[in-house]
């Protein structure tokens, strides 16, 4: 019980420290989340699962620098060939349509790099490529709903395209729609002295 | 006949007042133009940073094997009507599901704004551009043990596009440009039986591709203060 009270006090302290919530002004805020996520690979016609995390730094009321990571989780041994690992990280810019308010719809351009491995068949033998880097093009749309100065609900869709070619007999397309939703958090970045950006 | 010697001198003297008047008119027009745009913040010294996605629709003279690419760029703007873009990207082409081609580019372009940007308060700022890049092309036939063949070359590109200024500091840019590779050529050929092989030519001539690029850029800071 004591622990819970301490945690609650800490949360309230943080709330008071960063008193200017993201609802009033986006600039100078940081927003993030960590979650599990799903994806759908169009060419392979199959689902994919990820552990994901992202972070947005609002450098303007409308603009945020963004970065996100997707760590792929194997979905059983059902698929012996095709994509075996598909870890990805992206960086780019998001444009937030509304400069204040609880609702925060946005879209962004987020190119990235994939670390991909695929299984393939040579005769009866199944082989697997080493994990190799693959350039990826990607775009994002999403929406946040800020429920206070710390927490937010979010929903994000990310379209990704790319191709793996590493010893596989045929190029492995990585055309995919990823989706994630849940509870994120945000806080005001303490202002740096003489900072031009924040 | 001697008086003909004086003819050019007389002509020059007659032309001088006309020239002076033309110069004056030009200066007046320039002043009027400057006064018209004086209310907008000078854009010289802007440093922008951004990301890009590229679609290559046209490859070596044929509509085939479209490629998709990604990369990043920064811009340094010297004056209101002129900007420079410095970029790096990679474009990949799936060649009939039998081979893969990667084009890596690193280069720069000079952009001229067809309309005065008015401090990028216009929604659209159209421009034309021309530039140069270095590129590395790697082609690899699918399958185990096939080594990629690569070549370095230089390229020139020109085209046009428009900024879509969502805010004065942030823009989406849509542009189209033709890129000509100058130097050694590497490409694939398909045999009648469907098998594929890579061919290289030394200084074989010009080859190129038509690129459509969508980019997003944010003006981060000013590198210098422009003159008022």
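No value in this document is a laboratory result; all are computed from the given coordinates. No experiment lies behind these values; they were computed from the predicted model shown. Cβ: placed from backbone, ideal geometry, glycine included. Neighbour counts: every protein chain shown.
In table form, for the structure just shown:
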{"quantity": "Approximate spin-label separation residue A:122-residue B:195, in nm, with each point projected 7 Å along Cα-to-Cβ", "calculated": "1.8"}
{"quantity": "Expected-Rg normalisation [2.2 N^0.38 Å, Cα atoms] applied to region B:150-228", "calculated": "1.72"}
{"quantity": "Per-peptide average of other Cβ atoms within 10 Å, ordering A:96-102, B:186-192 highest first", "calculated": "A:96-102, B:186-192"}
{"quantity": "Theoretical FRET efficiency, 1/(1+(r/R0)^6), r = Cβ-Cβ of residue B:128 and residue A:141, R0 25 Å, to 0.05", "calculated": "0.20"}
{"quantity": "Mean-position separation - Cα centroids, region A:51-68 and region A:122-136, in angstrom", "calculated": "33"}
{"quantity": "Mean residue ellipticity (222 nm) of the protein assembly as shown, computed from DSSP H runs ≥ 4 via -39,500 (n - 2.57), nearest 500", "calculated": "-4000 deg cm²/dmol"}
{"quantity": "Residue order, fewest to most surrounding Cβ atoms within 10 angstrom, among B:151, B:33, A:31", "calculated": "B:33, B:151, A:31"}
{"quantity": "Stretch gain in nm, segment residue B:28-residue B:49, where the contour uses 0.36 nm per residue and the Cα spacing is subtracted", "calculated": "3.8 nm"}
{"quantity": "Whole-number D in µm² s⁻¹ for region A:26-188, Kirkwood Cα-pair radius fed into Stokes-Einstein, 25 °C, 0.890 mPa s", "calculated": "148"}
{"quantity": "Percent of C-alpha pairs per 5 Å bin, region B:57-222, short to long", "calculated": "2, 8, 16, 20, 16, 12, 9, 7, 5, 3, 1, 0"}
{"quantity": "Theoretical FRET efficiency, 1/(1+(r/R0)^6), r = Cβ-Cβ of residue B:184 and residue A:115, R0 30 Å, to 0.05", "calculated": "0.40"}
{"quantity": "Average other protein chain Cβ within 10 Å of Cβ, residues A:160-172", "calculated": "5"}
{"quantity": "Gyration tensor over alpha-carbon atoms, the protein assembly as shown, equivalent ellipsoid semi-axes in Å", "calculated": "47, 38, 14"}
{"quantity": "Relative contact order %, chain B, counting alpha carbon pairs below 8 Å whose residues are six or more apart", "calculated": "20"}
